[in-house]
1. What are the extents of the Cα atoms of chain B along their three principal axes, listed from largest to smallest and rounded to whole Å?
2. Which of A:132, B:58 has the fewest other C-beta atoms within 10 Å, and how do the rest follow up to the most?
3. To test your reading of the geometry: what angle, between 0 and 90 degrees and rounded to tens, separates the Cα axis of helix B:200-210 from the longest principal axis of chain B?
4. Nearest 10 degrees, 0 to 90: what angle lies between the long axis of helix A:272-284 and the longest principal axis of chain A (Cα atoms)?
5. Over all Cα pairs of region B:69-210, how is the pair count split among 10 Å bins, expressed in % and running from 0 up to the last occupied bin?
6. Based on Cα coordinates alone, diagonalise the gyration tensor for region B:188-250, multiply each eigenvalue by 5, take square roots, and list the semi-axes in whole Å, largest first.
7. What's the exposure ranking of A:233, B:278, going from fewest to most Cβ atoms within 10 Å?
8. Using R₀ = 22 Å, calculate the FRET efficiency as 1/(1 + (r/R₀)^6) where r is the Cβ-Cβ separation of residue A:208 and residue A:133; round to 0.05.
């Protein structure tokens, strides 16, 4: 690999595109015939916090996993600091991942390891010497997310959901990444713990010059933490010619958006979605599940 | 309202043909799926081998797997080995006694154990005890995004999770096989000499005369391939686990069933190969196939 690109990967010294940290260009993700994401283009400047909202199945998590390099897109590019991440070989991708932090929906802590081993895992993986320096880093990150040092010898199963999420955040922060990716960080938490996580995300941003992408259903969280909100819509339900990104703007602009689908999502109203679901059930009933190659089942369907 | 349940099928012959076609399609689908899975498992094994030779696994990942595969499997392998040796003695005694060859019982028991039952028994125990657990653990890690977390932190999951399990199975199954052989021989001896009263000296002499070094090698050589099969199939099943508790359960079951079937299929191929080697080295030996 070219030396200048290699130094970009490891150090983060950008030589490119107008301070863009993440540049998603015409991204498509498809599984067989099922299109999940189509022609998604988003530019995220350095230091910005972007919330990606949208109903279940619209491809938010797929987008996040594509950005993290966990999922190869069908077509399109994801450029991070001038480097197309999906064109990198395994070795370069590993180096680049040192600059990413990923907070998973259910924390994804390793069950077999203690909290100390979980938080210190990225340090060991990237060759940071184990010792006093590593110990200090682990304790500092835990303190930043409000966890005492007595959790260190515990296993993830001994912690509450909120504590596990905070450990996940500490683990993501341990290497002081340039890009933090949050997958539904407040899902499954009580309102107070959700707000604790929101506050921690905001404090993290104040402490480090980090770019953040937050996938969430939680409008309160999106409005609180994000500089910019992007709403995706399921590709299968778009009208011909429509873009999958229904809204891209600030929290204030979100309220002014004329698109009814955006307003329904923001205000949590089922609207015609319930009728759509019920009518599709009535039209097809349970016949969709019947094997239509079976002459008896086919005949029964014709009778109906 | 339609009354004919098969409106588009006129003659009974057509109906039979349609049925046969459906059966052929179903079997064809099974065969295609089987070949496809075998191809996927082979690619998975190649990736694993590439990682194994390119980067040394860390001690912290090796030791827990060595302990789980080797130390924790030892009691169950020893116990089942003992029982198998005793069962062989019970089953064979009366037939041998009727032709006056009961003192040769040791030769038959020991030969069966060392060449065949020892390695297959150790492999079966390993597939049941360790293989299913591997598939369940890796499947749970897949479902709960722990494998994605590993990747996101720059670790290769095949190098980190599969290579240590593979090495543990391949390097420790010979020891388990030797343990199964030994305990089976002890069990057979105990039942034959202590319970059935066969002469101790004759039993041992016949045992020693019939079982040679190549027989022991045969069992240990086969066991290495069995261990490799268990590790690759179980890890593959775990990595390709479907979501949910049902998916993890299916992965664990499939890991055992597929490992066991592949062990038996491999046993035939390896026996043919080893016999060919035996007769190439000692051409005067009796032909077995």
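Any read-out appearing in this document is the output of simple, stated calculations on the displayed coordinates, not a laboratory observation. Because the structure is predicted, anything quoted here is derived from the model rather than measured. Cβ placement follows ideal geometry from the backbone for every residue including glycine, while neighbour counts extend to all protein chains displayed.
1. If we take the Cα atoms of chain B, the spans are 82, 63, 39 Å.
2. Neighbour counts put them in this order, fewest first: A:132, B:58.
3. Approximately 60 degrees, to the nearest ten.
4. 50 degrees
5. P(r) for region B:69-210, in whole percents per bin: 12, 33, 22, 15, 10, 6, 2.
6. Values: eigenvalues 393, 65, 4 Å².
Values for region B:188-250, descending: 44, 18, 4 Å.
7. Fewest to most other Cβ atoms nearby, the residues stand as B:278, A:233.
8. Once rounded, the FRET efficiency stands at 0.75.
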